[in-house]
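Below: the structure, in structure tokens.
The values are calculated or read from the model by the stated rules, or taken from the named source; none is laboratory data. Quick caveat, the model's predicted, so the values are computed rather than measured. No Cβ is skipped: glycine too gets one built from the backbone with ideal geometry, and neighbour counts run over all protein chains shown.
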Amino acid sequence: MLGLSFWLCLLLNLVVLVFSAENFTRDDFPPPSLFVFGAGTSAFQYEGAESEDGRTPSIWDNYTDPVGNKQGENGKKTCNGYHKYKEDVQLMADTGLEAYRFSISWSRLIPNGRGPVNPKGLVYYNNLINELTSHGIQLHVTLSHSDLPQVLEDEYGGYLSRKIVKDFTKYADVCFREFGDRVLHWTTFNEANIFVIAGYDLGMTPPSHCSPPFGFNCATGNSSTEPYVAAHNIMLAHASAARLYKKKYQDRQHGFIGITIFTFGFFPYTNATEDVIATQRAKDFFIGWFLDPLVFGDYPDIVKKNVGKRLPAFTKFESEQVKNSFDFIGLNHYTTVYIKDNPSSLKRDIRDFNADIAAELMINGDATMPDEYSVLPYGLVEILEYFKQYYGNPPIYIHENGQQTLHSVALNDTSRINFIQGFIGGLLDAVRNGCNARGYFVWSFLDLYELFGGFEFSFGLYYVDLDDKDLKRFPKLSAKWYSSFLKERSMKSDGAIEVEKNMSALSQSHFSQ
């Protein structure tokens, strides 16, 4: 449990947030050499061309094909970024993006999951990377954005097997070797905590594992154990790839490596002691489940206590490998939850991740997610302060933040402007208060195939006309606002953006301990 000093600091933060100036500019933040603004996509959601040029299916292709999701939609076409990347990079440059976050499709680069590299996949990513570099846009590349090659899932169960550690490390090695001379920011896994909860407990995303009474009528799985097994193997795979990068590439490529998790802002539902304690417990499960091993070398005590023998244990060697295996942490943040104590869930004979938390997560006083996320930047301020106080203020990139709207809303997305402006303002307050944030990325640059909503909902700064055969892009009001915000600063005449070379002593020391 955090002490009084944390809550006093948080209170001061929130007071500052309330009185912060509404009118801020890009120049109020550190320069691009120290802090970048960008936007993001992911391979499955953006590229399309799902069976072209040697690409093989990922677990997402298998999950959505042949009939697609409930709307009959799948990732066969998306916004066809595989063929339209030059046009899109020009849009990024015109918008004024300082950085772009994207992922590599393992299935496109190494179609069999291991072994030979696909020459056409290699050409595509080299072309994309070169195009971005030529426009002075900093690259932030994710190795796995939920799209594991289906062949590895079929062969040995994917992340449920320790075999994934070796295969993922070899895949990462190819990426570091082929692209690391231009890519200086690597992320191993995107929001690994949500990937295992949704895919192995609730069954609402691939590989669609769950078991009664949890989840959505899956054909296979064990909601009580598999999320913890998959998370443990992901942690080991991350650590293995990170150590390889440090040992083999970092000295000559001068880059950085991290992992991204999803986090809410967390607040007690009432001021009752039980809810306050439950709020810390929720943080330990959602955040500490991954961050405690990375920072301290082991899972939080409450996670070990509540999960018991269902939780894999780190050996001494594994603990040493996982601890400090990062240069930065990525955070995907959208909204805030209020935590209500629910000790009765621990009395169940069979429990899953959500029951193990022994708390209810309430959003806006309800247990359902709103269609449009409310503008609650104080949740981001709270979580950044928590990372500063509890985890030693590591370098942080806000890798995803954005507002979901109906795709039919089209270009007039004033609510998205209010959302982005509100969260950037909250982030500015956190930076001024000493938070070690290094960047902010809007999700998403374009309207994509959304993993939890297909094409019905969108997060894009740019509208994609799905009825047009060329999938034309149109700037929304939010794109124009973001562009105006980004350009209110002086730029070098050549537009080049200096990549940060000197991260804090804290981040540099992660691998040396």
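One table, with the values for the structure above:
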read-out: Residue ID - nearest to the chain's Cα centre (by Cα), chosen from residues in the stretch 456-469 that are surrounded by 21 or more Cβ atoms within 10 Å (Cβ to Cβ) and in a loop (DSSP other than H, G, I, E, B); value: F459
read-out: Selection within the stretch 273-318 - surrounded by fewer than 22 Cβ atoms within 10 Å (Cβ to Cβ), without any contact (Cβ under 8 Å) to a residue 24 or more places away in the chain and within 21 Å of the chain's Cα centre (by Cα); value: D284, D292
read-out: Checklist (1) under 23 Å from the mean Cα position of the chain (by Cα); (2) modelled with pLDDT of 75 or more; (3) buried (at least 23 other Cβ atoms within 10 Å of the Cβ) applied to H510, failing item; value: (2)
read-out: Qualifying positions in the stretch 93-104 - of a type in the set (A, V, I, L, M) and buried (at least 23 other Cβ atoms within 10 Å of the Cβ); value: L97, A99, I104
read-out: Output for the stretch 305-332, where each listed residue is part of a loop (DSSP other than H, G, I, E, B) and at positive phi; value: N324
read-out: The one condition in (1) surrounded by fewer than 19 Cβ atoms within 10 Å (Cβ to Cβ); (2) over 28 Å from R281 (Cα atoms) that F452 fails to fulfil; value: (2)
read-out: Residue within the stretch 248-259 that is hydrophobic (A, V, I, L, M, F, W, C), more than 25 Å from H399 (Cβ to Cβ) and buried (at least 19 other Cβ atoms within 10 Å of the Cβ) present; value: no
read-out: Qualifying residue in the stretch 174-188 (condition: of a type in the set (F, W, Y), outside any helix (DSSP H, G or I) and closer than 24 Å to A282 by Cβ); value: no
read-out: Any hit, the stretch 149-157, residues being among the acidic types (D, E), in contact (Cβ under 8 Å) with a residue 60 or more places away in the chain and in a helix (DSSP H, G or I); value: yes
read-out: Members of the stretch 451-488 found to be small (G, A, S), modelled with pLDDT of 90 or more and closer than 13 Å to C79 by Cβ, listed by number; value: G460
read-out: Residue within the stretch 106-119 that is basic (K, R), surrounded by 23 or more Cβ atoms within 10 Å (Cβ to Cβ) and either part of a helix (DSSP H, G or I) or at pLDDT 95 or above (or both) present; value: yes
read-out: Positions within the stretch 440-455 being within 30 Å of K388 (Cα to Cα), touching a Gly at 6+ places or on another chain (Cβ under 7 Å) and part of a strand (DSSP E or B), in sequence order; value: F441, V442, W443
read-out: Qualifying helices (runs of 4 or more DSSP H) (wholly inside the stretch 1-93; at least 1 residues being under 30 Å from K120 (Cα atoms) and modelled with pLDDT under 95); value: 43-46, 59-64
read-out: Cross-chain or 6+ apart pairs with Cβ under 9 Å, the stretch 338-350 first and closer than 23 Å to G221 by Cβ, then crowded, with 16+ Cβ neighbours inside 10 Å and of a type in the set (S, T, N, Q); value: S345/N354; L346/N306; I350/S211; I350/S223; I350/S224
read-out: Leading residue by the ranking (nearest to I257 (Cα to Cα)) among those in the stretch 204-222 that are surrounded by fewer than 24 Cβ atoms within 10 Å (Cβ to Cβ), touching a strand residue (DSSP E or B) at 6+ places or on another chain (Cβ under 7 Å) and modelled with pLDDT of 95 or more; value: G221
read-out: Some residue of the stretch 401-408 being among the hydrophobic types (A, V, I, L, M, F, W, C), more than 17 Å from the chain's Cα centre (by Cα) and farther than 17 Å from G265 by Cβ; value: yes
read-out: Criterion: modelled with pLDDT of 95 or more and on the phi > 0 side of the Ramachandran plot - qualifying residue of H238, H254; value: H254
read-out: Enumeration of residues in the stretch 241-269 that are in a loop (DSSP other than H, G, I, E, B) and out of contact with any helix residue (DSSP H, G or I) (no Cβ under 9 Å at 6 or more places or on another chain); value: H254
